[in-house]
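The values are calculated or read from the model by the stated rules, or taken from the named source; none is laboratory data. In this text, all values refer to a predicted model and were calculated from it rather than measured experimentally. Glycine gets a Cβ as well: all are built from the backbone with ideal geometry, and neighbour counts include every protein chain shown.
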Amino acid sequence: MIAIPTTSTNTKSLVTENNRGSYWITTFGCQMNKADSERMAGILEKMGYQKAITELEADLVVYNTCSIRDNAEQKVYSYLGRQAKRKEILPHLKLILAGCVAQQEGESLLRRVPEIDLVMGPQHANRLETLLNQVDNGQQVVATEENYILEDLTTARRESKVCAWVNVIYGCNERCSYCVVPSVRGKEQSRTPHAIRLEIEKLASLGYKEVTLLGQNIDAYGRDLEGISKEGRRKNTLTDLLHYIHDVEGIERIRFATSHPRYFTNRLIEACSELNKVCEHFHIPFQSGDNQILKLMCRGYTIERYKRIIEGIRKQIPHSSISADVIVAFPGETDKQFQKTLSIIKEIEFDQVNTAAYSPRPNTPAANWPNQLPEKIKVERLKELNSLIEITAKKRNERYKDCVEEVLVEGTNPKDPQQLVGRTRTNRLTFFPDTGPQGYVYQPGELVSLKIKEVRSFSLGGIPLR
Ligand code: SF4
């Protein structure tokens, strides 16, 4: 960690014992970042900060950044420029750059935007209070060194009162040739099953009903923890963890993401079919339908293996839903190879697919390859892929028509206050009236049986049965 003395005015003039001013956090990127932001919000509130009504009123602004795609990174620089201008007239404003861009760019960010007070990589999210104390002492701080992630002793300020993310493994030891995550989030660090269970018990005591276990490669969970079973397999696998946390009273649903086809096991499918709280939804990125591209991506599996995993899931849990991530226009991808990706989408009929055109990222092997594809091809392929997904997802959703689905109420539909929104066990977003046939008004956290009446590509509409 680097601490640089600064002449900028510190904010002590605003700080009273119980009120440190207001904060604002903008989060870019994945669920891991969202979970980190919730933890940082918890730390700030414990320190006496209050959530600001708008970003431009806040006394402390955090940008929790994502470097997976170039456009998210560029957006951060424009946000920072706006805040740097504010700081000219509000010198007490604290500006914090957290997350993956912070880790990737480190100290050089201070040269680019000298108004920044704190640059902190994702492994330092739990240390926000210590780092801010150094800022309050008049330093500009850069915290990007490899760090053992301390057990999370803080109470996250979670956006939802019903569903919570629970980090189970940080970092990633894979080396996918397009991915910046290993260089910004560091080596795998699994939390102990005991610490995870304690966090879930705490969530249950606060009224949470659903937890999603999170990891960049969740199937790697536990391989850095000790313990071998009598049968010679690792004891602390994701499957063992699911068994271990399954009986936490009050938690109704358990999800996990993101799976990696290379490490996905039949034992995991069996556990999902046996453990009734584990929801029937699998998010397993396949990235490309072509084996040569998969090899260049260093993914470590073939598309045949991927298809066997999906067959195994559908055989044991026929009503499960499958979602995936796909990248198009990887360097050198031919039209024929792209067509193979489209064929997989048609063949598997995913419930949902997150798509992206390849974007070269710093410190990744593929970024230096000479056979980058032109922007025009990227845009065309992405458009073609997205149109196909819209059709296949709608077709797949047709299976819900007139069926009864259990939905966990998450809150009000932001576009219609008379409607509630929740998800099926299979992770389909579902909208429905807030009042049942006998006048009962549903509340967040309740499980409601709905008859599905409307089927769209990316959501469902239902009517409560009681
Ligand atoms: S598994 Fe591959 S794509 Fe996923 S975070 Fe790790 S390196 Fe990136």
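A few notes on this one:
- Qualifying residue in region 437-453 (condition: under 26 Å from Val211 (Cα atoms) and out of contact with any strand residue (DSSP E or B) (no Cβ under 7 Å at 6 or more places or on another chain)): no
- Taking the criterion of being part of a loop (DSSP other than H, G, I, E, B) and aliphatic (A, V, I, L, M), the residues of region 297-320 that qualify are Met297, Ile317.
- Checked against the criterion of being in a helix (DSSP H, G or I) and of a type in the set (Ser, Thr, Tyr), the candidates Ser273, Ser323 yield just one match: Ser273.
- Filtered by the rule that a residue be part of a loop (DSSP other than H, G, I, E, B), of a type outside the set (Ser, Thr, Tyr) and under 20 Å from the mean Cα position of the chain (by Cα), region 218-254 gives a lone residue, Gly222.
- Test: residue in region 314-321 that is crowded, with 22+ Cβ neighbours inside 10 Å and out of contact with any Asp or Glu (no Cβ under 7 Å at 6 or more places or on another chain): no
- Answer from Tyr400, Tyr358 - the residue that is over 30 Å from Gly422 (Cβ atoms) and surrounded by 13 or more Cβ atoms within 10 Å (Cβ to Cβ): Tyr358
- Filter pass, Asp247 being of a type in the set (Asp, Glu) and touching a strand residue (DSSP E or B) at 6+ places or on another chain (Cβ under 9 Å): no
- Residue match in region 193-215 (condition: within 11 Å of the ligand (Cβ to nearest atom), within 16 Å of the chain's Cα centre (by Cα) and either part of a strand (DSSP E or B) or crowded, with 22+ Cβ neighbours inside 10 Å (or both)): yes
- Pro182 falls short on exactly one of the conditions (1) touching a residue at least 60 places away in the same chain (Cβ under 8 Å); (2) within 14 Å of the ligand (Cβ to nearest atom), and that condition is (1).
- Close contacts from region 163-176, counting a first residue that is under 25 Å from Val409 (Cβ atoms) and modelled with pLDDT under 95 and a second that is of a type in the set (S, T, N, Q) and more than 9 Å from the ligand (Cβ to nearest atom), with Cβ to Cβ under 6 Å and a gap of 6+ residues or different chains, come to Trp165/Gln31; Trp165/Thr212.
- Residues satisfying the stated conditions in region 54-103, i.e. among the hydroxyl-bearing types (Ser, Thr, Tyr) and within 13 Å of Trp24 (Cα to Cα): Thr54, Tyr63, Tyr79
- For region 175-191, a residue qualifies if it is of a type in the set (S, T, N, Q) and either outside any helix (DSSP H, G or I) or surrounded by 22 or more Cβ atoms within 10 Å (Cβ to Cβ) (or both), and the qualifying residues are Ser177, Gln189, Ser190.
- Only one of the numbered conditions (1) touching a Ser or Thr at 6+ places or on another chain (Cβ under 9 Å); (2) within 16 Å of the ligand (Cβ to nearest atom); (3) in a helix (DSSP H, G or I); (4) touching a residue at least 24 places away in the same chain (Cβ under 8 Å) is violated by Leu294, and that is (4).
- With respect to being out of contact with any Asp or Glu (no Cβ under 7 Å at 6 or more places or on another chain) and within 16 Å of the ligand (Cβ to nearest atom), Ser190 falls outside the description.
- Condition met for Gln337 (buried (at least 17 other Cβ atoms within 10 Å of the Cβ) and within 16 Å of the ligand (Cβ to nearest atom)): no
- Breaking point among (1) more than 16 Å from the ligand (Cβ to nearest atom); (2) part of a helix (DSSP H, G or I); (3) within 27 Å of Ile96 (Cα to Cα), for Val166: (2)
- Note on region 82-122: residues that are without any contact (Cβ under 8 Å) to a residue 24 or more places away in the chain and small (Gly, Ala, Ser) total 1.
- Filter result (over 16 Å from Leu465 (Cβ atoms) and not in a loop (DSSP other than H, G, I, E, B)) within region 437-447: none
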